[in-house]
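Worksheet for the structure shown next.
Where a number appears in this text, it was derived from the coordinates with a stated rule and is not lab data. Computed from a prediction, not measured in an experiment: that's the story for all the values here. Glycine also receives a Cβ, built like all others from the backbone with ideal geometry; neighbour counts cover every protein chain displayed.
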Amino acid sequence: MSEGIKQLTKVESRMLYAVGYDEETRTLEVVFTTGGIYRYFNIPKEVHEGLMVAESKGHYMHTHVLNSYPYERIRRRR
């Protein structure tokens with residue numbers, strides 16, 4: 001398991017707690033409110049930007065990220 005994203009931004013969402021993005025590696029790291037942490041790969045910059053401005057971040061994740069990109073679970077739910 002590689003080192004995580006250095007800078008995570010806390011977001012207002014019932015589903016997500018914090019989000020981080022590494023533009024160089026196109027990696028999105030998401031901390032869910034359940035405590036689970038996931039890393040998604042090959043995420044275009046525009047998808048990350050869309051997530052950050054989405055009115056419903058949970059809906060955006062379901063529509064644009066989940067089941068669309070490869071991922072790894074970093075930590076299970078609490």
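Considering only the stretch 33-43, how many residues are buried (at least 18 other Cβ atoms within 10 Å of the Cβ) and farther than 15 Å from residue 64 by Cα?
Count: 1.
Within the stretch 67-78, can one find any residue that is more than 11 Å from the chain's Cα centre (by Cα), β-branched (Val, Ile, Thr) and part of a strand (DSSP E or B)? For the stretch 67-78, residues more than 11 Å from the chain's Cα centre (by Cα), β-branched (Val, Ile, Thr) and part of a strand (DSSP E or B): present.
Out of 6, 10, I need the residue that is exposed (fewer than 12 other Cβ atoms within 10 Å of the Cβ) and touching a Gly at 6+ places or on another chain (Cβ under 9 Å). Which one? Write out each step before concluding.
On the way: 10 fails: touching a Gly at 6+ places or on another chain (Cβ under 9 Å).
Residue meeting the stated conditions: 6.
What's the total number of residues in the stretch 8-31 that are in a loop (DSSP other than H, G, I, E, B), closer than 18 Å to residue 46 by Cα and either more than 10 Å from the chain's Cα centre (by Cα) or in contact (Cβ under 8 Å) with a residue 60 or more places away in the chain (or both)? Walk me through it before giving the result.
Taking the stretch 8-31 as the starting set, the residues that turn out to be in a loop (DSSP other than H, G, I, E, B) are 8, 11-15, 23-26.
Filter again for closer than 18 Å to residue 46 by Cα, leaving 8, 11, 23-26.
From what is left, the residues that are either more than 10 Å from the chain's Cα centre (by Cα) or in contact (Cβ under 8 Å) with a residue 60 or more places away in the chain (or both) are 11, 23-26.
Residues meeting the conditions: 5.
Scanning the stretch 36-60 for residues that are under 20 Å from residue 24 (Cβ atoms) and part of a helix (DSSP H, G or I) gives 45, 46, 47, 48, 49, 50, 51, 52. Within the stretch 50-57, the presence of a residue that is surrounded by fewer than 17 Cβ atoms within 10 Å (Cβ to Cβ) and closer than 20 Å to residue 74 by Cα is excluded. Here 46, 72 are screened, and the one residue that is free of Cβ contacts under 8 Å to residues at least 12 places away in the same chain and surrounded by fewer than 15 Cβ atoms within 10 Å (Cβ to Cβ) is 46.
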